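Structure in structure tokens, see below.
The values are calculated or read from the model by the stated rules, or taken from the named source; none is laboratory data. What you see is a predicted model; the values in this text were computed from it and never measured. Cβ sites come from the backbone with ideal geometry, for glycine too, and all protein chains shown count toward neighbours.
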Amino acid sequence: MFRCDYFYCVPCQSAQQVEINTIASSFGALAARTGLTHRYVLGELRKPELLHHLPENNALAELCGGMISAWEIYGNKKAVIMFVIEDVTYNICDQRFHEYEIRRQRPDVHVIRRNLTQISKNGKLTDDKRLIIDGDEIAVVYFRAGYEPGQYHSEKEWEARLTIERSKAIKSPSIQYHLAGTKKVQQEVARLGVLQRFLSESEANLVGQLFTGLYSLDMGPEGDEVIKMAMENPDRFVLKPQREGGGNNMYGDEIKEFLEKVKDTPAREAYILMDKIRPPIQYNYLVRGGTEVKLSEVVSELGIFGVLIGNEKEIMINKFAGHMLRTKLSSANEGGVAAGFGALDSVFLFD
């Protein structure tokens, strides 16, 4: 299960990709509930004629349907789905809705929740690579943790991750797809000619239009030129590490100061530089705890969910699975909802 995030870029008059999340691709449940909330609000305002502007959002049902499909493919009716969670789960409401929806769609499918420490203590592999946790065989592993280095407290948590990867359980994501979601891979895929290795010429041209400028900071003349460009015009760019979860990027003078420190060291290779996308500014109200509700200048980022199930030989399922909209103050660089920078919103379509 993944989520591709986009801003609409005003200068180029098209959608441009911010990032792709193959892990930490959350808010499918709450995004769908937000749409229902806004439908209710339009009813309270006695504006039913506006309801058709709100597109249906079945993200929760489609994502959970993907997990159930994976469970069915695994082929053991007694096996369970395991959510890998943080020690303290701040985003628990979004996760619980997934559990309830799985139970609604398939009452015979059971979900368990374990953190990496618990898995390290109680998980084991059988000789035929079946993953057993507390006596349950695991058919599907859904990672809601494991993308943040701080979630690996010791070598035991890394061993737990390795145990999961070595098992025959279907992972969302597997370590290969986890790494495919890194910023470095995003930058490499955007290089001239790379898409043509995987797509037809016409498909590659269409997908390529979604990419903004993505630049390597590798040691060498190319990376040196990129660093020079960034330090001369830091407000044009975003500096990104290979991290997920929000709050990790650098902007403006922060880019210049950081590159001054690392420009002559291999540490710079852990980052990529991306053109800063300029989305349209709109006016809306952000409703957040402890914050005054007032009309503000905001920008919105669209996330498109998908479900992909396959192996080294074939793709069995590949489908669109709903959407999410995040809105933040136009003056804020970061937009993460869980990190406190943005708020969930709904798409309102018009001609």
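Which residue is surrounded by the most Cβ atoms within 10 Å (Cβ to Cβ), if the candidates are limited to the range 42-65 and must be farther than 17 Å from residue 300 by Cβ and aliphatic (A, V, I, L, M)?
That would be 63.
Counting only residues that are closer than 26 Å to residue 147 by Cα and not small (Gly, Ala, Ser), give me the helices (runs of 4 or more DSSP H) lying completely in the range 162-281 with at least 2 of them.
Per the criteria, 175-180, 183-189, 253-262.
Do we find that residue 252 is among the small types (Gly, Ala, Ser), touching a helix residue (DSSP H, G or I) at 6+ places or on another chain (Cβ under 6 Å) and either at pLDDT 95 or above or closer than 30 Å to residue 70 by Cα (or both) in this structure?
It is false that residue 252 is among the small types (Gly, Ala, Ser), touching a helix residue (DSSP H, G or I) at 6+ places or on another chain (Cβ under 6 Å) and either at pLDDT 95 or above or closer than 30 Å to residue 70 by Cα (or both).
Specify the residue that is nearest to residue 171 (Cα to Cα); the eligible residues are those in the range 1-42 that are among the aliphatic types (A, V, I, L, M) and without any contact (Cβ under 8 Å) to a residue 60 or more places away in the chain.
Applying the filter and picking the extreme gives 36.
Exactly one of these conditions fails for residue 290: (1) more than 23 Å from residue 25 (Cα to Cα); (2) at pLDDT 95 or above; (3) of a type in the set (Gly, Ala, Ser). Give me its number.
Here residue 290 meets the rest and fails (2).
Taking the range 5-24 only, how many residues are over 14 Å from residue 63 (Cβ atoms), within 15 Å of the chain's Cα centre (by Cα) and not in a strand (DSSP E or B)?
Count: 0.
Looking at 138, 132, 68, 119, which is the one that is touching a strand residue (DSSP E or B) at 6+ places or on another chain (Cβ under 7 Å), under 14 Å from residue 171 (Cα atoms) and of a type outside the set (Lys, Arg)?
Of 138, 132, 68, 119, the one residue that is touching a strand residue (DSSP E or B) at 6+ places or on another chain (Cβ under 7 Å), under 14 Å from residue 171 (Cα atoms) and of a type outside the set (Lys, Arg) is 138.
Being among the small types (Gly, Ala, Ser) and assigned to a loop (DSSP other than H, G, I, E, B) is the filter here, so list the residues in the range 25-65 that pass it.
25, 26
Of a type outside the set (Phe, Trp, Tyr), free of Cβ contacts under 8 Å to residues at least 24 places away in the same chain and closer than 30 Å to residue 304 by Cβ: is that true of residue 92 in this structure?
yes
If you check residue 14 against the conditions, is it buried (at least 20 other Cβ atoms within 10 Å of the Cβ), closer than 23 Å to residue 346 by Cβ and of a type outside the set (Val, Ile, Thr)?
No.
Just to verify a result, which residue in the range 26-41, among those that are of a type in the set (S, T, N, Q) and in contact with a Ser or Thr (Cβ under 9 Å, 6 or more places away or on another chain), is surrounded by the fewest Cβ atoms within 10 Å (Cβ to Cβ)?
37
Do you know which residues across the range 219-275 are out of contact with any strand residue (DSSP E or B) (no Cβ under 7 Å at 6 or more places or on another chain), within 18 Å of residue 182 (Cβ to Cβ) and β-branched (Val, Ile, Thr)?
Hits for the range 219-275: nothing passes.
Could you check the range 239-270 and list, in sequence order, the residues that are within 16 Å of residue 221 (Cα to Cα) and in contact (Cβ under 8 Å) with a residue 12 or more places away in the chain?
If the condition is that a residue be within 16 Å of residue 221 (Cα to Cα) and in contact (Cβ under 8 Å) with a residue 12 or more places away in the chain, then 259, 263, 266, 268, 269 are the ones that fit.
Would you point out the residue of the range 135-161, among those that are hydrophobic (A, V, I, L, M, F, W, C) and assigned to a helix (DSSP H, G or I), that is nearest to residue 66 (Cα to Cα)?
For the range 135-161, the residue satisfying everything is 160.
Considering only residues that are aliphatic (A, V, I, L, M), in a helix (DSSP H, G or I) and modelled with pLDDT under 95, which ones fall in the range 73-117?
Result: 92, single match.
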